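Worksheet: the structure to be examined is printed underneath.
The values are calculated or read from the model by the stated rules, or taken from the named source; none is laboratory data. Keep in mind it's a predicted model, so treat the numbers as computed, not measured. Because the Cβ atoms are built from the backbone with ideal geometry, glycine has one as well, and the counts that use them run over all protein chains shown.
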Amino acid sequence: MDNLILISGEDNGIRLDRFIRRRFPALKQAQLEKLLRIGKIRVDTKKVKAGIRLQSGQEIELKFDLSKYLSEDVSAKINTSKLIISDASKRKAVNILESWKIEETSEWIAINKPAGIAVQGGSKIKHHLDRLLQEGFGDSRPRLVHRIDKDTSGVLLLAKTQKSARLLTQYFRDHLINKTYLAFCIGKIEQSGKISEPVAKSLKTGIEKMIVDQDLGRTSISLFERIFYNSGISLVCLRPVTGRTHQLRVHMNFIGAPILGDGKYNSNKAHPSGNFAKKLHLHSHFMTLPSGQLITARVPEHMQLAASILGADIPDQNQYFSND
């Protein structure tokens, strides 16, 4: 198990105990608090309490063997998974990651993450990007510095060193790296606009969704530009100024232009026609680095199909939003 976790911009402000338990669901709260008391979990090398709010760029150090704090069944699965990473499995993981690669420098790798692949694991997620990186590269694997939703495809930047991980995390926190998403949305929206609606996790039992919540929500800002419209569908460029979970999906649904194929936030109305694939039509298409370098991720087949049906052109240059 990797004993260092770098906090990315998407986790800025989250409670430490919530972050740890989301990452390691089998770890009990009492066990977590004990590990904190005895200094086995530290933030920036310091002993801290469970309720502190994490800041992007901070580093969590785990100075214990996680498997000792899990049930025997879970521990056995972890130990077994470590043993079965054969040379064939490593080659397979490396080949998969290589097929996703867009560009690479001495400091980072940019990949085009497919829809349906989670970035990190959880209690119900066994196959994810972080696991692929572990299988392919072990402790020397590239580091995650930001995230994309499981059902969203597109540009994901991986740091190749701890130094570059810190620098890239700082860039994301300071909004020096800009991401432009493409989305097919239901309905005809305004030519351009700004959505400033606070987003929070729904408090309803059994509902794993984010909602607009004026009282409990965190500040969330999204920009949009409509670049094409036909047959009740808009092709839209989206810029998440903040990086809340499912922010773009929640915001577009809130203004009455839900993203095509987003059954989670628009139920059956997410699929207005059988001609379109029943997948989320949201893709991180462009990423602009502080140097001005533009990274472009090819849209997935189901979004190319939507473009063909509607007669839309997928942009190959990022002329959207003035601060690029």
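Number of residues in region 281-318 that are in contact with a helix residue (DSSP H, G or I) (Cβ under 8 Å, 6 or more places away or on another chain) and under 30 Å from Gln170 (Cβ atoms): the value is 5.
How many residues are among the aliphatic types (A, V, I, L, M), under 25 Å from Asn253 (Cβ atoms) and without any contact (Cβ under 8 Å) to a residue 40 or more places away in the chain when one looks only at region 280-308? Residues flagged as among the aliphatic types (A, V, I, L, M), under 25 Å from Asn253 (Cβ atoms) and without any contact (Cβ under 8 Å) to a residue 40 or more places away in the chain within region 280-308 amount to 1.
Could you check how many residues of region 175-232 are touching a residue at least 24 places away in the same chain (Cβ under 8 Å), of a type in the set (Gly, Ala, Ser) and not in a loop (DSSP other than H, G, I, E, B)? Counting residues in region 175-232 that are touching a residue at least 24 places away in the same chain (Cβ under 8 Å), of a type in the set (Gly, Ala, Ser) and not in a loop (DSSP other than H, G, I, E, B) gives 5.
From the list Lys188, Lys194, the one residue that fits, being on the phi < 0 side of the Ramachandran plot, assigned by TED's automatic domain parsing to the domain that holds Glu301, touching a Ser or Thr at 6+ places or on another chain (Cβ under 7 Å) and not hydroxyl-bearing (Ser, Thr, Tyr), is Lys188. Would you say Ser291 is among the hydroxyl-bearing types (Ser, Thr, Tyr) and part of a loop (DSSP other than H, G, I, E, B)? Yes; evaluated as a whole, the condition is true for this residue. Quick check: anything in region 257-267 surrounded by fewer than 21 Cβ atoms within 10 Å (Cβ to Cβ), touching a Lys or Arg at 6+ places or on another chain (Cβ under 6 Å), at pLDDT 95 or above and not assigned by TED's automatic domain parsing to the domain that holds Ile117? No.
Quick one: would you say Arg147 is more than 12 Å from the chain's Cα centre (by Cα), buried (at least 17 other Cβ atoms within 10 Å of the Cβ) and under 27 Å from Arg21 (Cβ atoms)? Considered against the rule, which asks whether it is more than 12 Å from the chain's Cα centre (by Cα), buried (at least 17 other Cβ atoms within 10 Å of the Cβ) and under 27 Å from Arg21 (Cβ atoms), Arg147 comes out as no. Taking into account only those residues within region 82-116 that are of a type in the set (A, V, I, L, M, F, W, C) and modelled with pLDDT under 90, which is surrounded by the most Cβ atoms within 10 Å (Cβ to Cβ)? Checked region 82-116; the qualifying residue surrounded by the most Cβ atoms within 10 Å (Cβ to Cβ) is Ala93.
In region 233-252, the residues that are hydroxyl-bearing (Ser, Thr, Tyr) reach residues that are not in a strand (DSSP E or B) with C-beta atoms within less than 6 angstrom, at least six apart or across chains, in these pairs: Ser234/Lys188; Ser234/Ile189; Thr242/Ser220. Among the residues of region 189-214, those identified as modelled with pLDDT under 90, surrounded by fewer than 16 Cβ atoms within 10 Å (Cβ to Cβ) and closer than 20 Å to Gly13 by Cβ are Ser202, Leu203, Glu208, Lys209. Checked against the criterion of being part of a strand (DSSP E or B) and in the same structural domain as Glu301 (by TED's automatic domain parsing), region 159-173 has no qualifying residue. Only one of the listed residues (Leu238, Leu280) is touching a Leu at 6+ places or on another chain (Cβ under 9 Å), surrounded by 21 or more Cβ atoms within 10 Å (Cβ to Cβ) and assigned to a loop (DSSP other than H, G, I, E, B). That residue is Leu280.
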